[in-house]
């Protein structure tokens, strides 16, 4: 399997060659030259596999330059009860016949990002140990990516993590998860601004080829291909858990800001998983819904980002969306390059009236948005009717998923985090505190360690140079 850029300017590379990087040299995103196909026989054989074995079967189709025995050992090391608190790894909760929640938040930071990030930490350590190199991970987070990355990389040999987050824009629990870490290879940078300011800094630093090479800058944000590939696994797992036979078609409802989570569902569908519908759910920051409704993709300035009670989706530029558009345009890299040259300059593009826009239905996508009032009502309804407590992002997904639910077709809503991460909204919705998982009770009272900085890429580069050890 070889990987190319969505913008056509990168020679084909192997999985391990692109593993440590973020953006391709031409500014595009890495994509496999083709999607591997899953045969009916393979689908049947995979149905009863434990999660680690299923992960190996899916991932070996994408990373064939890692010896099979090593990849299998890495999956077995990653997906354990010790790390995810349950043998199922991704337990399925059936709210009522045909309506399910896929539990993706059992990992160490109580968010779905752990599903990929825990594997990424082990993959990074494995590859760096073989090469004897070091790497400085640079990332931006709107809430959950940061803690998942830091918990996955803490103490790993050859890895430093520099994580940018918007100061004062995350929940107290999310902040405490990150800033309370005292590991010497973890560096938290709180940026005066919003998530998009953090993401712009990461892109600016990554675009400085000389600095990136000298400081060995790598990425763990959702633009990292290995993360997307790892997320493909739980779509297969969710499908098997919610169905009895491989002839059934299902719908997945996915809360999505950066388009990474639902992009993995798109890839699973392209591989042959019987997904009839991919329901994209956003909050009030609905740049993606606008595209699927009108054909216009219009990244918004950071000043227009609405701060909501589902903050991990408070995003105006969807980093992974380029991957889907690349497929939608028939993998025309020149056209993708043209469109994103406008986006990168703060502009927009519009596919309305083109054959490309009219073919979106062929990919199974529908979309919708949710408001703060919707979130509270959904949290309250699920708790009262099913005795299940959900977080605000999952509530967005469930609300929009139910709007598009079809009789006779299983609807699987992806859980994104445990409610404890958004206690204020839970108290508002239910009049009670969320349950604290064991070991998290005093997290917010621990000492915190971070650097407060302006939204300045040059200042961040100087900070990395001082602390990187390269």
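Condition check: in contact (Cβ under 8 Å) with a residue 12 or more places away in the chain, within 20 Å of the chain's Cα centre (by Cα) and either farther than 15 Å from residue 468 by Cα or surrounded by fewer than 24 Cβ atoms within 10 Å (Cβ to Cβ) (or both). Does residue 120 satisfy that? Walk me through how you get there before you give the answer.
On the way: in contact (Cβ under 8 Å) with a residue 12 or more places away in the chain: yes; within 20 Å of the chain's Cα centre (by Cα): yes; either farther than 15 Å from residue 468 by Cα or surrounded by fewer than 24 Cβ atoms within 10 Å (Cβ to Cβ) (or both): yes.
Spelling it out, residue 120 is indeed in contact (Cβ under 8 Å) with a residue 12 or more places away in the chain, within 20 Å of the chain's Cα centre (by Cα) and either farther than 15 Å from residue 468 by Cα or surrounded by fewer than 24 Cβ atoms within 10 Å (Cβ to Cβ) (or both).
Quick check on this structure: which one of 401, 439 is within 16 Å of residue 102 (Cβ to Cβ) and either touching a strand residue (DSSP E or B) at 6+ places or on another chain (Cβ under 7 Å) or without any contact (Cβ under 8 Å) to a residue 40 or more places away in the chain (or both)?
401
Which number in (1) at pLDDT 95 or above; (2) under 20 Å from residue 18 (Cβ atoms); (3) out of contact with any strand residue (DSSP E or B) (no Cβ under 8 Å at 6 or more places or on another chain) marks the one condition that residue 227 misses?
All conditions pass for residue 227, except number (1).
So residue 89 ticks every box in (1) in a loop (DSSP other than H, G, I, E, B); (2) in contact with a helix residue (DSSP H, G or I) (Cβ under 7 Å, 6 or more places away or on another chain); (3) within 22 Å of residue 392 (Cβ to Cβ) but one. Which box is left unticked?
With (1) in a loop (DSSP other than H, G, I, E, B); (2) in contact with a helix residue (DSSP H, G or I) (Cβ under 7 Å, 6 or more places away or on another chain); (3) within 22 Å of residue 392 (Cβ to Cβ) applied to residue 89, the lone miss is (3).
Within the range 225-266, work out how many residues are free of Cβ contacts under 8 Å to residues at least 24 places away in the same chain and within 20 Å of residue 57 (Cβ to Cβ).
1
Scan the range 376-406 for residues that are outside any helix (DSSP H, G or I) and under 20 Å from residue 365 (Cβ atoms) and report the count.
Of the residues in the range 376-406, 3 are outside any helix (DSSP H, G or I) and under 20 Å from residue 365 (Cβ atoms).
Quick grid of which residues meet (1) in a loop (DSSP other than H, G, I, E, B); (2) buried (at least 18 other Cβ atoms within 10 Å of the Cβ):
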{"position": "213", "(1), (2)": "no, no"}
{"position": "222", "(1), (2)": "yes, yes"}
{"position": "227", "(1), (2)": "no, yes"}
{"position": "251", "(1), (2)": "no, yes"}
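Considering (1) touching a helix residue (DSSP H, G or I) at 6+ places or on another chain (Cβ under 7 Å); (2) touching a residue at least 60 places away in the same chain (Cβ under 8 Å); (3) surrounded by fewer than 19 Cβ atoms within 10 Å (Cβ to Cβ), say which one residue 300 fails and leave the rest.
Among (1) touching a helix residue (DSSP H, G or I) at 6+ places or on another chain (Cβ under 7 Å); (2) touching a residue at least 60 places away in the same chain (Cβ under 8 Å); (3) surrounded by fewer than 19 Cβ atoms within 10 Å (Cβ to Cβ), residue 300 violates only (2).
Given the conditions (1) surrounded by 18 or more Cβ atoms within 10 Å (Cβ to Cβ); (2) over 18 Å from residue 26 (Cα atoms); (3) out of contact with any strand residue (DSSP E or B) (no Cβ under 6 Å at 6 or more places or on another chain), which single one is not true for residue 322?
With (1) surrounded by 18 or more Cβ atoms within 10 Å (Cβ to Cβ); (2) over 18 Å from residue 26 (Cα atoms); (3) out of contact with any strand residue (DSSP E or B) (no Cβ under 6 Å at 6 or more places or on another chain) applied to residue 322, the lone miss is (2).
Could you list, in sequence order, all residues of the range 442-467 that are at pLDDT below 90 and either farther than 20 Å from residue 179 by Cα or over 26 Å from the mean Cα position of the chain (by Cα) (or both)?
442
On the given criteria, is residue 241 at pLDDT 90 or above and either farther than 30 Å from residue 36 by Cα or buried (at least 21 other Cβ atoms within 10 Å of the Cβ) (or both)? Working first, answer last.
On the way: at pLDDT 90 or above: yes; either farther than 30 Å from residue 36 by Cα or buried (at least 21 other Cβ atoms within 10 Å of the Cβ) (or both): no.
For residue 241, the condition - at pLDDT 90 or above and either farther than 30 Å from residue 36 by Cα or buried (at least 21 other Cβ atoms within 10 Å of the Cβ) (or both) - is not met.
Residues being buried (at least 16 other Cβ atoms within 10 Å of the Cβ) and in a loop (DSSP other than H, G, I, E, B): count how many of those fall in the range 333-370.
Of the residues in the range 333-370, 3 are buried (at least 16 other Cβ atoms within 10 Å of the Cβ) and in a loop (DSSP other than H, G, I, E, B).
For (1) under 30 Å from residue 383 (Cβ atoms); (2) out of contact with any strand residue (DSSP E or B) (no Cβ under 8 Å at 6 or more places or on another chain); (3) surrounded by fewer than 16 Cβ atoms within 10 Å (Cβ to Cβ), each residue gets a yes or a no:
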site	(1), (2), (3)
13	no, no, no
21	no, no, no
33	no, no, yes
61	no, yes, no
65	no, yes, yes
86	yes, yes, yes
89	yes, yes, no
96	yes, yes, yes
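Which residues, taken from the range 128-157, are surrounded by fewer than 19 Cβ atoms within 10 Å (Cβ to Cβ) and either in contact (Cβ under 8 Å) with a residue 60 or more places away in the chain or closer than 24 Å to residue 83 by Cα (or both)?
129, 133, 134, 154, 155, 157
The values are calculated or read from the model by the stated rules, or taken from the named source; none is laboratory data. Quick caveat, the model's predicted, so the values are computed rather than measured. Glycine also receives a Cβ, built like all others from the backbone with ideal geometry; neighbour counts cover every protein chain displayed.
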